[in-house]
Amino acid sequence: MPHFASDIYTTPQIGKLLADEARVLGPLLSRCTGEHGLHLTTSAQAEPPAIPLLGHWATIRVAGAALGGDVRASGLEALPFVDEAFGVVLLRHALETTARQDNLLDEAIRVLAPGGMLAITGIHPVGLWSPWVARQSRGTRPRLTWPWWWSQRLVRDEFELSMPRRLGSAWPRAGGAATAESIFGGGYFLVARKKRPAAVPLRTRAATVPSPMPGTLASGARRNARESIS
């Protein structure tokens, strides 16, 4: 079976970070609706959060130029989904391992329905996790990117964006107490909503409506008419 995740994403340290992410993202995405959600991930351990109002998840594992999981395709091509197919798109460390970061984010935006939620998680490039990643990685090293870069991209694409926040423990560890948000956390997340197209109001057009003439005249009108005749 093809291996769709680099070694670092199978470690217990990353497993704990994924659990911390799920604990934070679950409540934030709980109101997402739709028939399907798209889970783009680099780890076989990562399970999408349970969202009561969402029908089903499609999970795609991203590693370099390969896509695996529910869909097997090339990561250098467009995602095999129609436009606006998903009510929520979750990129969990997928932008760290894809061969084309901007292309994958563009595709995630394309397949997200208006009003849908887009969530991105990753390892923060500043902190104790970054040297650990460099030391532990074998083969291609993950591309750790500043979260503000993705924020700027989403603002440019007219998303309603919440500020990126950090989560997880300050240093890589395999066990210990659950960690949620932390200003020194080794991971980060950001959540944004795709704006719906603005409704263009129709300009009202004045129309002449004929006023019906009553069949009889008022009593005052008949009196005036008799006076004028006489």
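Please state the relative contact order of region 36-129 as a whole percent: Cα pairs under 8 Å, 6+ residues apart? Don't jump to the answer; show the numbers that get you there.
Values: 173 pairs, mean separation 27.1, N = 94.
With pairs under 8 Å counted, the relative contact order is 29 percent.
Tabulate in residue order the Karplus-calculated ³J(HN,Hα) for region 181-192, using 6.51 cos²θ - 1.76 cosθ + 1.60 with θ = phi - 60°, rounded to whole Hz; enter x for Gly and Pro.
Result, rounded to whole Hz: 6, 7, 5, 10, x, x, x, 9, 8, 9, 10, 9.
Enumerate the calculated ³J(HN,Hα) couplings along region 116-128 in order (Karplus 6.51 cos²θ - 1.76 cosθ + 1.60, θ = phi - 60°), each rounded to whole Hz, writing x wherever the residue is Gly or Pro.
Here the 3J(HN,Hα) series is x, 9, 10, 10, 10, 10, x, 8, 6, x, 10, x, 7 Hz.
If I take every Cα pair under 8 Å that is 6 or more residues apart in region 57-181, average their sequence separation and divide by the length, what percent do I get for the relative contact order?
Contact order relative to length: 19 percent.
In sequence order, what are the phi-derived ³J(HN,Hα) couplings for region 34-47 according to the Karplus relation 6.51 cos²θ - 1.76 cosθ + 1.60 with θ = phi - 60°, rounded to whole Hz, with x for glycine and proline?
x, 6, 9, x, 10, 10, 9, 9, 10, 10, 5, 7, 6, 9
Since every read-out is calculated from the coordinates, none of them should be taken as a lab result. Bear in mind that the values here come from a model prediction, so they are computed numbers and not experimental data.
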